[in-house]
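Asks: So that we are looking at the same thing, I have put the structure below in structure tokens.
The values are calculated or read from the model by the stated rules, or taken from the named source; none is laboratory data. Note that the structure is a prediction, hence the values are computed from the model and not measured. Methodologically, a virtual Cβ is constructed for each residue, glycine included, from the backbone with ideal geometry; neighbour enumeration extends over all protein chains shown. Accessible surface areas use protein heavy atoms only, side chains included; no ligands, DNA or RNA. Shrake-Rupley method; radii C 1.70, N 1.55, O 1.52, S 1.80 Å.
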Amino acid sequence: MYEPEPIRFWQDPAVVETFRREVNAVDEGPVVHVPMVIERPMTSDEKIASVDPADPDRLIAEAASASTEEVDRAVASCAAVQDEWAAIPMPDRTRLVRSMADWMRTHRDHLAARQVFEAGKPWSEADADVCEAIDFCMYYAEMAERLAAGEPVLSPPGERNEMFYRPRGVTAVIGPWNFPFAIPTGMTVAALVAGNTVCLKPAEQTPWIAYGIVEAALGAGVPEEVLAFLPGEGEVAGARLVDHPDVATIAFTGSRQVGFSILEAVGTVRPGQVQIKRAITELGGKNAMFIDADADLDDAIPAVAASSFGFAGQKCSAASRLVVYEDQADQVVDRLIAHAETLVVGHPRAPETTVGPVVDEEAHARLLAAIRDTQGRVRYQHGDVPERGWFVPPTIVDRVPDDDPLVTQEQFGPILAVQPATDLDHVVELMNRSDFALTAGIFSRSPQVIARLPARIAAGNIYINRAITGAVVGRQPFGGFRHSGVGAKAGGPDYLKHFCDAVVVTENTLRQGFAADQLLATERGRVPIVSEREHE
Ligand code: NAD
């Protein structure tokens with residue numbers, strides 16, 4: 001039975017020492033060259049540079065950059081082995097995916113250390129990302145065994161019905177940089193274990209981290225031809241994958257803007273395209289938490305701070321809005337400020353860092369402008385922020401007007417907008433006033449509120465009396481609705497079905513008449529005519 005991979009116990013000095021060695025090894029290591037893989041590792045003339053967001057002058061990796069022609073070659077190569085891969089018995093495919101998890105366990109600290117430098121993740125966040133990737137492998141392997149059994153359907157006397165799932169074909173996996181290992185691993189292994197070949201395009205910012213998926217697959221014995229790796233520009237390699245007539249499914253996690261463009265593109269059937277494309281799009285959020293009048297602030301404050309400022313607010317599930325009752329707003333904000341003072345903003349190579357940099361220059365400039373231009377009252381900005389690197393101070397803004405971009409747009413940074421409410425209906429109105437519906441949080445000690453409020457909140461994942469980040473595979477199937485995505489629920493029991501077409505076979509088992517040879521014999525007068533019922 002699947003069990004989530006336990007995260008590291010950081011209180012143990014031996015754990016800290018072992019991880020420190022990996023961090024130092026990456027820190028002192030050379031610039032890494034990341035190939036693309038189309039049947040074999042190869043390079044390209046064009047390159048993508050990934051830098052350390054906490055020290056942007058430092059080049060971490062230089063990756064090949066796939067052109068449209070290379071994408072076409074990768075899709076053709078995956079299409080050529082699609083039938084062969086689909087024909088591999090499920091137990092063999094699940095064994096390979098479980099072996100990928102083993103490979104990740106063996107290289108766990110190194111995979112996490114890559115994230116410290118290429119994605120700017122603090123230690124525990126980096127480790128949790130690798131754990132989640134392992135969870136996806138183990139959970140989807142188990143779900144694939146269930147999938148292979150098909151779904152039960154009714155079979156009345158005289159009729160045999162069977163429902164099973166067949167892989168859809170070449171799958172494009174297009175991933176984000178914020179969970180740069182776990183999310184593309186989840187989409188990739190789901191597609192693979194369900195019998196599809198995969199062209200994986202990682203985010204421009206994090207190709208080295210995502211290359212770990214290919215290393216895990218090859219280390220586990222997955223044939224090279226079934227998983228192409230195509231680092232490259234979104235508008236080039238990503239767009240070509242989306243448009244390619246031989247790509248059957250697109251698994252995308254990223255921004256609303258790109259997700260919508262993909263959904264539009266899959267509506268066009270191109271010349272030579274034999275099947276309607278399917279797009280699994282998991283997009284952004286503008287997530288709100290509510291602290292009720294009777295909530296225990298000792299629990300609520302650290303949970304809100306972790307949800308807002310963890311990984312510098314760059315989780316799709318992060319809290320960017322806080323709704324509190326008018327007469328408690330000042331007390332709650334004061335407590336939040338006191339907590340935010342304890343955050344350590346710095347280079348994630350240091351174990352004590354709790355808030356690292358934001359991912360790139362564009363995000364850095366955009367977030368600082370959003371803080372500068374808000375019409376709300378900036379109550380707090382963390383004062384101790386490194387000069388060098390793309391650091392944005394954890395920020396709390398109070399009394400934010402309804403039309404302020406801090407409450408209307410996904411900012412994806414460590415900024416929390418506080419909105420006061422007059423009564424519970426107003427709470428519901430404020431929380432639901434968003435195009436998105438991804439996560440939401442409620443802190444309350446009232447059984448009525450706990451029982452009734454979730455049904456009134458528009459969010460795919462609602463958390464009560466805890467932080468709203470950190471969904472665990474198999475425990476909190478994850479995904480939203482409205483503009484947050486198609487609600488495929490990654491890490492949930494139905495996820496693999498999105499990578500398959502369902503087939504139902506119906507056999508009439510009540511013989512009417514005779515089989516041809518019997519009919520011949522009857523015509524010759526040798527077989528007596530008997531009814532089906534008499535046979536029984
Ligand atoms: P992004 O949309 O900018 O990029 C995601 C991927 O799409 C990258 O690999 C990029 O190269 C590619 N891409 C860009 N343009 C493309 C195009 N025209 N055609 C095809 N591919 C293209 O998103 P991001 O900045 O990497 O990630 C942050 C976003 O992801 C946030 O909005 C966040 O909320 C969202 N996100 C959602 C979830 C979820 O489960 N709902 C999880 C993580 C992140």
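Asks: Assess whether GLY485 counts as being within 25 Å of THR185 (Cβ to Cβ) and either more than 16 Å from the ligand (Cβ to nearest atom) or surrounded by 24 or more Cβ atoms within 10 Å (Cβ to Cβ) (or both).
Replies: Considered against the rule, which asks whether it is within 25 Å of THR185 (Cβ to Cβ) and either more than 16 Å from the ligand (Cβ to nearest atom) or surrounded by 24 or more Cβ atoms within 10 Å (Cβ to Cβ) (or both), GLY485 comes out as yes.
Asks: Another one. Hey, among the residues in the stretch 219-241 that are under 17 Å from PRO176 (Cα atoms) and surrounded by fewer than 24 Cβ atoms within 10 Å (Cβ to Cβ), which one's nearest to the ligand (Cβ to nearest atom)?
Replies: Here the residue is GLY234.
Asks: Which residue pairs have Cβ atoms closer than 7 Å, lie 6 or more positions apart in sequence or on different chains, and pair a first residue in the stretch 476-494 that is closer than 7 Å to GLY460 by Cβ and in contact (Cβ under 8 Å) with a residue 40 or more places away in the chain with a second residue that is among the hydrophobic types (A, V, I, L, M, F, W, C) and more than 10 Å from the ligand (Cβ to nearest atom)?
Replies: So the pair list comes out as GLY480/ALA437; GLY480/ALA459; PHE481/ALA437; SER484/ALA437.
Asks: Which of (1) part of a strand (DSSP E or B); (2) in contact (Cβ under 8 Å) with a residue 40 or more places away in the chain does ALA370 not meet, given it meets every other one?
Replies: Only one criterion is unmet by ALA370, namely (1).
Asks: Within the stretch 472-482, how many residues turn out to be among the aliphatic types (A, V, I, L, M) and open to solvent by 30 Å² or more (accessible area, probe 1.4 Å)?
Replies: Summing the residues that are among the aliphatic types (A, V, I, L, M) and open to solvent by 30 Å² or more (accessible area, probe 1.4 Å) in the stretch 472-482 gives 1.
Asks: For the stretch 157-188, name all the residues that are more than 22 Å from ALA239 (Cα to Cα) and within 13 Å of the ligand (Cβ to nearest atom).
Replies: Of everything in the stretch 157-188, just one residue is more than 22 Å from ALA239 (Cα to Cα) and within 13 Å of the ligand (Cβ to nearest atom), namely ALA182.
Asks: In the stretch 252-272, what count of residues is obtained for those that are within 16 Å of GLY175 (Cβ to Cβ) and either more than 11 Å from the ligand (Cβ to nearest atom) or hydrophobic (A, V, I, L, M, F, W, C) (or both)?
Replies: 3
Asks: Separate question: Is it the case that some residue within the stretch 299-315 is within 20 Å of GLY460 (Cα to Cα) and assigned to a loop (DSSP other than H, G, I, E, B)?
Replies: yes
Asks: Where residues in the stretch 437-467 are charged (D, E, K, R) and farther than 21 Å from PHE481 by Cα, which of them is farthest from the ligand (Cβ to nearest atom)?
Replies: ARG445
Asks: Sticking with this one: Within the stretch 218-237, is there a residue that is without any contact (Cβ under 8 Å) to a residue 24 or more places away in the chain and closer than 30 Å to LEU322 by Cα?
Replies: no
Asks: Please work out which residue is nearest to THR439 (Cα to Cα), limiting yourself to the stretch 293-314 and to residues that are in contact with a Lys or Arg (Cβ under 7 Å, 6 or more places away or on another chain) and crowded, with 17+ Cβ neighbours inside 10 Å.
Replies: Ranking the qualifying residues of the stretch 293-314, first place goes to ALA303.
Asks: If we only count strands (runs of 3 or more DSSP E) wholly inside the stretch 1-84, which ones have 2 or more residues that are over 30 Å from ALA141 (Cβ atoms)?
Replies: 47-52, 55-64
Asks: For the stretch 273-291, which residues satisfy the criterion of being open to solvent by 20 Å² or more (accessible area, probe 1.4 Å), closer than 24 Å to LEU438 by Cβ and either assigned to a loop (DSSP other than H, G, I, E, B) or near the ligand (Cβ under 10 Å from one of its atoms) (or both)?
Replies: GLU282, the sole residue that qualifies.
Asks: Please work out if ARG377 is of a type outside the set (Val, Ile, Thr) and buried (at least 19 other Cβ atoms within 10 Å of the Cβ).
Replies: Judged against the criteria, ARG377 is not a match.
Asks: Need the failing condition index for PHE311 against (1) over 21 Å from ASP360 (Cα atoms); (2) within 14 Å of the ligand (Cβ to nearest atom), just the number.
Replies: All conditions pass for PHE311, except number (1).
Asks: Find the residue count for the stretch 347-367, including only residues that are free of Cβ contacts under 8 Å to residues at least 60 places away in the same chain and either open to solvent by less than 10 Å² (accessible area, probe 1.4 Å) or not hydrophobic (A, V, I, L, M, F, W, C) (or both).
Replies: Residues meeting the conditions: 6.
Asks: Quick check on the stretch 19-35. Is at least one of its residues surrounded by 13 or more Cβ atoms within 10 Å (Cβ to Cβ), at positive phi and in contact (Cβ under 8 Å) with a residue 24 or more places away in the chain?
Replies: The answer is no, given that none of the residues of the stretch 19-35 is surrounded by 13 or more Cβ atoms within 10 Å (Cβ to Cβ), at positive phi and in contact (Cβ under 8 Å) with a residue 24 or more places away in the chain.
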